[in-house]
Amino acid sequence: MATREEDERFMRRAIDLARLSEGLTRPNPPVGAVLVKDGRVIGEGRHLQAGKEHAETNAFLSCVESPKGATLYVTLEPCSTTGRQPPCTDRILREQVARVVAAVPDANPKHTGRGFALLRQQGVEVQENVCAEEANELIAPFNKHITTGLPFLRLKLAMTLDGRIADRDRNSQWITGEESRNAVQELRRRSDAVLVGAGTVVRDNPSLLYRREFPGEPRAGSMLLRVVIDTRGTIPLSSQIFNDAAAGRTILACLNEPPILSELPSRIRVWRFAPHEDGVFPYAELIRRLGEEGCLAVLCEGGGHLAGALQDNGLIDEYDLFYAPVILGDTCALNGVEGTGVRMSELRRMQIREIRRYGSDCFLRIR
């Protein structure tokens, strides 16, 4: 019988495998699985893409010996219904696995607990809630999407210590160092879509793509959508997002019918929205539309105006803040969040979930 420490060690390996699939599985969650027999790993796998084999199946397919009597460690409750893949519970029973250790139950109310109950009914020992905190952190975007239909929205800001994201000339390159910029690439890899405003594209002409090679996963970032809000049709047709090899993954979110539409390449996707009565862009409708698209995690890298609009609409789930040890000290410099603001009595208290160093910069993850 494995000890709690052994269970946690093998489960953390399963979580590490699942992390490799972040940004690749929408609308499914990233899941990892490890098969262990007599204290040895005999197989492991992860879910690679929606419609393809689940993590448990891939673990069985990779086995170097019979999994009969083995323990299966899996980051999410095994599925018990037929979708594009057969139920994982059927495969587990067929392979005669003796024990299943799961991190968390399936958040889908139609499935929660069903897989566990079925396995127990057939004599399989089931252990739940091993490394549950880490696993829930991993699938927070899926949990939100499956229960609300909305994606999990992260706001990334690179700021000076006095909260500025650019100088008075709107120049922001580079406030933070290379280590922080590499960390932002990792945030992109884990996301289904990157969201920015037109000003960011006009000013910087960014690619918004995942630009790093990821060991063992050549497809990293290959499904990343680029979503740009352009209410006035100001983005130049020469911009990278309209002309590079990933242009088919660019979504232009606009109001009604801006003139630019007639000149856009046909592979650019255009989402038209009607403004609110006050003429403001319907940000909540865009986020809902991304949820309908199957996006689990959206990373906002836009400027202060977009950040403020998302904040005012209560759409931000997580703040990923990179602070450089510099001060602009200029009242004309751009603020990180240019929202309407609240009174002290209306402040929403949040939790700091992570603090770490990237080179000389400080990173805070807040929810």
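The values are calculated or read from the model by the stated rules, or taken from the named source; none is laboratory data. Nothing here was measured: the structure is a model prediction, and the numbers come from that model. Cβ atoms come from the backbone with ideal geometry, glycine included; neighbour counts cover every protein chain shown. Note: accessible area is taken over every heavy atom of the protein model, side chains too, but ligands, DNA and RNA are not part of it. Shrake-Rupley method; radii C 1.70, N 1.55, O 1.52, S 1.80 Å.
In Å², and per residue, what accessible area does region 239-330 have when probed at 1.4 Å with the other protein chains present?
43 Å²
Based solely on its DSSP helices, what 222 nm [θ] is calculated for the chain when runs of n ≥ 4 H residues each add -39,500 (n - 2.57) and the sum is averaged over all residues, nearest 500 deg cm²/dmol?
So the helix-based figure for the chain works out to -7500 deg cm²/dmol.
Counting alpha carbon pairs within less than 8 Å and at least 6 residues apart, what relative contact order, in whole percent, applies to region 247-314?
It comes to 26 percent, rounded to a whole number.
Between A70, A193, A158, where does the largest GNM mean-square fluctuation fall for the chain, given springs only between Cα atoms within less than 10 Å?
Maximum among the listed residues: A70.
Show the residues, 5+ positions off or on another chain, whose built amide H is closer than 5 Å to the amide H of T250.
Here R226, R269 satisfy the definition.
I want to verify the translational diffusion coefficient of region 1-40 in µm²/s; compute it with Stokes-Einstein, Rh as the Kirkwood radius over Cα pairs, at 20 °C and 1.002 mPa s.
Approximately 193 µm²/s, per Stokes-Einstein.
GNM, the chain, Cα, under 10 Å: largest mean-square fluctuation among P67, P105, P258?
Looking only at P67, P105, P258, the largest GNM fluctuation is found for P258.
Towards the positive end of the charge dipole of the chain, with charges on Cβ (+1 Lys, Arg; -1 Asp, Glu), say which of L161, L328, Q240 has the farthest Cα.
Towards the positive end, the residue furthest out is Q240.
What distance in nm separates the simple spin-label points at S360 and T3, each placed 7 Å from Cα in the Cβ direction?
If labels sit at S360 and T3, their model points lie 4.5 nm apart.
What's the magnitude of the charge dipole for region 172-305 around its Cα centre, counting Lys and Arg as +1 and Asp and Glu as -1 at the beta-carbon? Answer in Debye, nearest 20.
Its charge dipole is roughly 280 debye.
Expected output is a single nm value to one decimal: the length gained when fully extending between M344 and L237, i.e. 0.36 nm times separation in residues minus the C-alpha distance. What is it?
34.1 nm
Under a crude label model (7 Å from the Cα following the beta-carbon direction), how far is N136 from S207 in nanometres?
3.8 nm
Under 8 Å for C-alpha pairs, at least 6 residues apart: give me the relative contact order for region 2-46, rounded to a whole percent.
Answer for region 2-46 is 33 percent.
With a 10 Å cut-off between alpha carbons and a GNM built on the chain, which of S345, S180, S80 moves the most?
S345
If the reach is capped at under 27 angstrom between alpha carbons, list the lysines near K144, excluding any in the same chain fewer than eight residues apart.
By straight Cα distance, K144 reaches K52, K110, K156.
Describe numerically, in nm with one decimal, the distance between label points set 7 Å from Cα along Cα→Cβ at N129 and at E178.
Going from the N129 label point to the E178 one covers 4.6 nm.
If I stretch the segment between Q185 and R267 completely, what's the gain in nm (0.36 nm per residue apart, minus their alpha carbon distance), one decimal?
Additional length available on full extension: 27.0 nm.
Could you work out what % of the accessible surface of the chain is carbon and sulfur, using a 1.4 angstrom probe and leaving DNA, RNA and ligands out of the count?
47 percent
List the lysines whose Cα sits under 25 Å from the Cα of K37, skipping any in the same chain fewer than 8 residues away.
By straight Cα distance, K37 reaches K68.
Among S207, F60, V126, pick out the residue whose Cα is farthest towards the positive end of the charge dipole of the chain, where Lys and Arg carry +1 and Asp and Glu carry -1 on C-beta, about the Cα centre.
Going by the Cα projections, it comes out as F60.
Given +1 on the Cβ of Lys and Arg, -1 on the Cβ of Asp and Glu, and no further charges, what dipole in debye does region 73-180 carry about its Cα centre, rounded to the nearest 20?
Its charge dipole is roughly 500 debye.
If you count only protein heavy atoms and use a 1.4 Å probe, how large is the accessible surface of E6, to the nearest 10 Å²?
Answer for E6: close to 70 Å² accessible.
Which of the peptides 128-141, 346-359 is most tightly packed, and how do the rest follow, going by the mean number of other Cβ atoms within 10 Å of each residue?
Answer by packing, highest mean first, reads 128-141, 346-359.
Only Lys, Arg, Asp and Glu count, each charged at its Cβ (+1, +1, -1, -1), so figure out the dipole size of the chain about its Cα centre, rounded to 20 debye.
Roughly 480 debye for the chain.
Considering only protein heavy atoms, with the full assembly of protein chains and a 1.4 angstrom probe, order W271, W174 by accessible area, largest first.
So, going from the largest accessible area down, we get W174, W271.
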